[in-house]
Amino acid sequence: MTPKPAGPPDGGWGWVVAAAAFAVNGLSYGLLRSLGLALPDLAEHFDRSAQDTAWVSALALAMQQAASPVGSALSTRWGARPVVMVGGVLTSLGFVFSAFAQSLLHLYLGLGLLAGSGWALVFAPALGTLSRYFSRRRVLAVGLALTGNGASSLLLAPALQLLLDTFGWRGALLLLGAVTLHLTPCGALLRPLALPGDPAAPPRNPLAALGLGLFKRRAFSVFALGTALVGGGYFVPYVHLAPHALDRGLGGYGAALVVAVAAVGDAGARLVCGWLADQGWVPLPRLLTVFGALTGLGLLAVGLVPAVGSEDDWGGALLAASGAYGLSAGSYAPLVFGVLPGLVGIGGVVQATGLVMMLMSLGGLLGPPLSGFLRDETGDFTASFLVCGSFILSGSFIYMGLPRALPSCRPASPTATPPLETGELLRVPQVALLPPGGPHSTLDTTC
């Protein structure tokens with residue numbers, strides 16, 4: 001038998017896992033973000049409203065997140081490798097099936113249920129496996145993996161617009177089915193890693209496998225409530241940023257540029273924020289609260305941008321607002337998953353990742369259709385972005401209930417604390433994620 005390592009290797013094969021998670025994130029959330037470019041073509045072809053076509057992306061997003069605990073449970077029982085490989089096949093089949101759709105119902109079933117189910121099996125197991133490979137550089141590794149979202153959007157947004165112009169929406173979906181099949185080899189790279197503290201045998205009780213007992217932890221419950229509210233607005237730009245740019249008077253490639261600018265800011269911020277969080281200068285809950293609030297304010301700014309004069313205008317104000325939104329949203333993303341090991345322990349991080357995705361799906365299912373409804377009622381997306389930005393601000397306010405989210409006026413004690421893998425990070429005020437500089441560099445000593 002191979003002996004268990006003393007802890008996460010903090011490198012080695014972990015970087016290969018990070019690359020695989022990078023590709024998984026790009027072919028799931030990055031593709032979802034760019035898919036909004038196809039919604040106007042779908043609305044025109046089937047003669048349906050923006051609200052009706054928004055359900056295509058909303059169902060895919062909600063299914064991907066709501067079923068994530070199932071992916072986590074299957075990964076806990078059978079391992080991440082086979083689960084992610086099967087998920088890649090399902091996602092590809094969903095796109096191929098949708099390319100032959102004769103009604104929106106077929107798209108709801110193909111992209112919404114089938115592709116969404118495949119995405120549910122790939123994201124949480126891949127990210128949870130990555131978290132097990134790192135300790136001191138965990139948030140940086142997660143941030144690196146999550147840049148796949150922005151990098152994929154940067155490439156896929158103009159590429160998808162080109163495919164739509166050249167082959168139409170059917171040909172574009174068929175080619176995307178071939179692209180998403182690359183999720184399968186990504187799953188093959190997720191080598192299992194046994195760590196101290198892992199259960200001797202996988203849980204056989206379905207409720208235990210889903211990790212529902214994690215809600216007994218007060219800090220995780222506060223985090224879950226705030227994340228569910230953030231989900232109500234966080235994914236609206238994935239679906240309606242490109243249509244919003246079109247409504248503001250930009251052409252198809254101008255709208256693609258807006259999405260690409262947000263993607264560049266998003267990708268760069270994930271790396272910078274991941275590095276910053278691992279330094280331990282600021283507690284993770286505090287960073288989570290600040291960047292969550294900035295994301296909400298960024299969405300408000302995107303909604304308030306005025307229309308441009310002509311399609312030849314590149315919309316500088318909208319580009320700036322989208323870039324600011326991308327920077328703040330990208331900074332928020334790695335913190336959501338980076339804080340989980342401190343809340344639930346390294347042994348429960350895969351299950352916790354699935355639960356977080358499910359909670360965000362509650363808002364993800366509401367946000368895009370609500371945004372489409374407000375657009376149909378008001379004639380543009382201004383009210384949509386204002387309402388959804390308010391959801392994110394409300395969730396950030398809930399995050400303030402996490403320990404160490406606010407400055408402390410009481411000096412922290414330098415006493416010994418439990419290791420990070422116990423999951424007791426946020427219940428003891430003086431404990432922090434161990435940075436490279438040592439365990440005491442993140443202690444609060446002043447107001």
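The values are calculated or read from the model by the stated rules, or taken from the named source; none is laboratory data. Keep in mind the model is a prediction, meaning the values are calculated, not measured. Because the Cβ atoms are built from the backbone with ideal geometry, glycine has one as well, and the counts that use them run over all protein chains shown. In case anyone asks, the SASA skips ligands and DNA or RNA and just uses the protein heavy atoms, side chains included. Shrake-Rupley method; radii C 1.70, N 1.55, O 1.52, S 1.80 Å.
Checked against (1) in a loop (DSSP other than H, G, I, E, B); (2) of a type in the set (A, V, I, L, M, F, W, C); (3) open to solvent by 20 Å² or more (accessible area, probe 1.4 Å), Leu250 passes all but condition (3). In this entry, Val350 is excluded by the filter for residues that are open to solvent by 10 Å² or more (accessible area, probe 1.4 Å), β-branched (Val, Ile, Thr), in a loop (DSSP other than H, G, I, E, B) and modelled with pLDDT under 85.
The set of residues in segment 91-129 that are among the small types (Gly, Ala, Ser) and outside any helix (DSSP H, G or I) comprises Ala99, Ala101, Ser103. Considering segment 204-222, and only residues there that are at pLDDT below 80, of a type outside the set (Gly, Ala, Ser) and over 23 Å from the mean Cα position of the chain (by Cα), the residue that is most open to solvent (accessible area, probe 1.4 Å) turns out to be Arg204. Yes or no: segment 27-35 includes at least one residue that is of a type in the set (D, E, K, R), touching a residue at least 60 places away in the same chain (Cβ under 8 Å) and crowded, with 23+ Cβ neighbours inside 10 Å. Looking for residues that are of a type in the set (D, E, K, R), touching a residue at least 60 places away in the same chain (Cβ under 8 Å) and crowded, with 23+ Cβ neighbours inside 10 Å, one finds at least one in segment 27-35, hence yes. Annotation note: Cβ proximity below 7 Å between a residue of segment 78-90 that is at negative phi and assigned to a helix (DSSP H, G or I) and a residue that is surrounded by fewer than 24 Cβ atoms within 10 Å (Cβ to Cβ) and among the hydroxyl-bearing types (Ser, Thr, Tyr) (sequence gap 6+ or interchain) occurs for Met85/Thr184; Gly88/Thr184; Val89/Thr184; Leu90/Ser117. Just to verify a result, which residue in segment 130-152, among those that are of a type in the set (Lys, Arg) and not in a helix (DSSP H, G or I), is most open to solvent (accessible area, probe 1.4 Å)? Per the criteria, the residue is Arg136.
Every condition in (1) at pLDDT below 80; (2) surrounded by 17 or more Cβ atoms within 10 Å (Cβ to Cβ) is met by Cys409 except one, and the failing one is (2). When we screen Leu127, Leu105, Leu164 for residues that are open to solvent by 20 Å² or more (accessible area, probe 1.4 Å) and either within 20 Å of the chain's Cα centre (by Cα) or not basic (Lys, Arg) (or both), the only hit is Leu105.
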